[in-house]
Amino acid sequence: MPFTGFTNNTLYTPVPNPIFGPVLEQIEDLAELKVTLRGLWLLHRKKASPRAVPLEEFLGDRSLLRGLAILGKDPAEEVRRGLKLAVRRGTFLAHGADGPGQLFLLNAEAGRRALARMKQSGEQE
């Protein structure tokens, strides 16, 4: 079914400009791209500080899972793989071990400060 276009009521999500330049030029993996874009949307919706998305929220995101299912692999594993690639690239920061308590933050000044506070306060790494 083709996309029918944007309505007048369409909401917008801010995306850091480097996503459209050097980051986009470097991403070679569709899972990483989809996880990055969806992660930016999920982070933008957060109102609490720090803005962080738990792994479980990524794994429960129906749009992301459906979008990754087209790759013909386990969508949950593709989410995990895409997140690992985004962390390796430096787009996202990760806090905690791979599991339900793991958090992802945008690698921006606020995210780096929040991650430093989490580590300093001894929150589970």
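The values are calculated or read from the model by the stated rules, or taken from the named source; none is laboratory data. In this text, all values refer to a predicted model and were calculated from it rather than measured experimentally. When we count neighbours, we look across all protein chains shown, and the Cβ atoms used for this are built from the backbone with ideal geometry, even at glycine. Note: areas computed on protein heavy atoms with side chains; ligands, DNA, RNA excluded. Shrake-Rupley method; radii C 1.70, N 1.55, O 1.52, S 1.80 Å.
Work out the length of the dipole vector of the chain about its Cα centre, built from +1 on the beta-carbon of each Lys and Arg and -1 on the beta-carbon of each Asp and Glu, and round it to the nearest 20 debye.
Details: 18 positive and 14 negative charges, 74 e Å.
Rounded to the nearest 20 debye, it is 360 debye.
Amide H contacts of Leu93: Leu105, Leu106, Asn107, each under 5 Å away and 5 or more positions distant or on a separate chain (H built 1.01 Å from N in the peptide plane; Pro and chain starts excluded). Under 26 Å between C-alpha atoms is the cut-off here; go through the chain and count lysine pairs that meet it, provided they're at least eight residues apart or on different chains. Close lysine pairs found across the chain: 10.
May I ask you to give the percent of accessible area on the chain that is carbon plus sulfur, with a probe radius of 1.4 Å?
C and S atoms contribute 55 percent here.
Compared with the dominant Cα axis of the chain, that is its longest principal axis, helix 75-89 is turned about 60°.
Loop-resident GluC sites (Glu not before Pro) (DSSP state other than H, G, I, E or B) in the range 1-100 with no more than 12 further Cβ atoms inside 10 Å of their Cβ: Glu28.
Between Pro22, Ala48, Leu37, the Cα set farthest toward the positive side of the dipole of the range 14-55 (charges on each charged residue's Cβ, about the Cα centre) is that of Ala48.
Summary of the geometry: the range 79-120 and the range 24-48, compared by the centres of their Cα atoms, lie 12 Å apart.
For the chain, the longest principal axis of the C-alpha atoms and the axis of helix 109-120 are separated by about 40°.
Taking the range 1-91, which trypsin sites (Lys or Arg not before Pro) meet the DSSP loop condition and have no more than 12 other C-beta atoms within 10 Å?
On the way: sites: Lys34, Arg38, Arg45, Lys46, Lys47, Arg51, Arg62, Arg66, Lys73, Arg80, Arg81, Lys84, Arg88, Arg89; in loops: Lys46, Lys47, Arg51, Lys73.
Those that pass, being in a loop and sparsely packed, are Lys47, Lys73.
Note on Kirkwood radius over Cα pairs in Å: of the candidates [x] 14.0; [y] 14.9; [z] 15.3, the value calculated from this structure sits at [z].
Give the accessible surface of the chain per residue, rounded to a whole number of Å², with probe radius 1.4 Å and ligands, DNA and RNA excluded.
On the way: 8110 Å² over 125 residues.
Each residue of the chain exposes 65 Å² on average to a 1.4 Å probe.
For the chain, the longest principal axis of the alpha carbon atoms and the long axis of helix 30-45 meet at an angle near 70°.
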